[in-house]
Amino acid sequence: EQFRPFVGRVRELGELRATLAGAASGRGSLTLICGEPGIGKSRLMEEVAAEASAGDWGILRGRCWEGGGAPPYWPWVQVVRAAGGDFDALAASAGEGMRLAGSESLDPDAARFRLFDRIASFLWDAAGTRPRLVLLDDLHAADEPSLALLKFIATMIAERPIAILGSYRESEPRVLELADSFGDLARLGQRIPLTGLDAGEVAAYITLLVGASPSDAVIARVLEVTAGNPFFLAEVARALLRADESLEDNIAMVPLPQEVRALIRRRISHVSVEAVTTLRAAAVVGRELDVRVLKKMST
């Protein structure tokens, strides 16, 4: 895996450290990190996980699958597995418990509640007195039952040594489709939006990545091209290094790597043909433009 420096995020790390401290004292909570692709959500989560692990926390990871075909509750299947359990066995026992209670024809809502309660109880028991950090990555790709289970557990951890940290891309169409679910989750916890790195952080990032301090001109140009997005920033710098070119000598022609182009294509894949045409015209004009000029170009 390629080296990706970690710089900045001082305020966000402070908030997350406070969250861990609260959970370690038995005041569990849910925190959601959101932002555009490549902005550093997963990297921030891993930084927090590394600190927690050094403090003898148990780390439980679950990542949503974006490729399709994943079973229901897939991120929670991984979390339960990491805690030493079997999600299917717990689900089966929840259904059996309802049958023994005399409910031969299970009401779907009652059956789901029973399942959620069984999963939550397992996590409490598995945690014991050791604090646990649950990492749920790419929640924008989660199925609705998984989000519902997250909501259920978030309502139950106020007096538990459990911190849940989730990430999602707020611009994904599915997040807009499930706005109520993500809104409910945000109200149950805290939401930390990530933005691009500033000029000082970009300078530090490039220095760590290439081993040399960039000039003000390089910093300004790279910041203009990448808007401080760490993924874009790393790929632009690496593209120059692969070409054996100097950042200083070639800053006026900073390339846009194929990895970045692919990510941009994915981000606009759900946009209409007319909107893509307008975006292309706007890209030619530049970051700042007159709407009247764009209108003339589009007619």
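The values are calculated or read from the model by the stated rules, or taken from the named source; none is laboratory data. None of these values were measured; they are calculated from a predicted model. Backbone-built Cβ (ideal geometry, glycine too); neighbour counts: all protein chains shown. Just so you know, the surface numbers come from the protein's heavy atoms only, side chains and all, with ligands and any DNA or RNA stripped out. Shrake-Rupley method; radii C 1.70, N 1.55, O 1.52, S 1.80 Å.
Side notes on the structure shown:
- Note on the range 181-203: residues that are under 23 Å from the mean Cα position of the chain (by Cα), part of a helix (DSSP H, G or I) and farther than 30 Å from residue 153 by Cα amount to 2.
- Just one of the listed residues (43, 9) is open to solvent by less than 40 Å² (accessible area, probe 1.4 Å) and among the charged types (D, E, K, R), namely 9.
- Sole residue being in contact with a strand residue (DSSP E or B) (Cβ under 6 Å, 6 or more places away or on another chain) and within 18 Å of residue 40 (Cβ to Cβ), chosen from 167, 171: 167
- Test: residue 17 is open to solvent by 60 Å² or more (accessible area, probe 1.4 Å) and free of Cβ contacts under 8 Å to residues at least 12 places away in the same chain: no
- Residue in the range 131-139 that is at pLDDT below 95, surrounded by 13 or more Cβ atoms within 10 Å (Cβ to Cβ) and of a type in the set (A, V, I, L, M) present: no
- Residue that is nearest to residue 64 (Cα to Cα) [pool: residues in the range 216-231 that are assigned to a loop (DSSP other than H, G, I, E, B) and open to solvent by less than 40 Å² (accessible area, probe 1.4 Å)]: 229
- In the set (1) of a type outside the set (A, V, I, L, M); (2) in contact with a Gly (Cβ under 6 Å, 6 or more places away or on another chain); (3) crowded, with 22+ Cβ neighbours inside 10 Å, the condition left unmet by residue 168 is number (2).
- Qualifying residue in the range 142-158 (condition: modelled with pLDDT under 95 and either over 25 Å from the mean Cα position of the chain (by Cα) or of a type in the set (Phe, Trp, Tyr) (or both)): no
- Count of residues meeting criterion [modelled with pLDDT under 90 and hydrophobic (A, V, I, L, M, F, W, C)] in the range 93-125: 7
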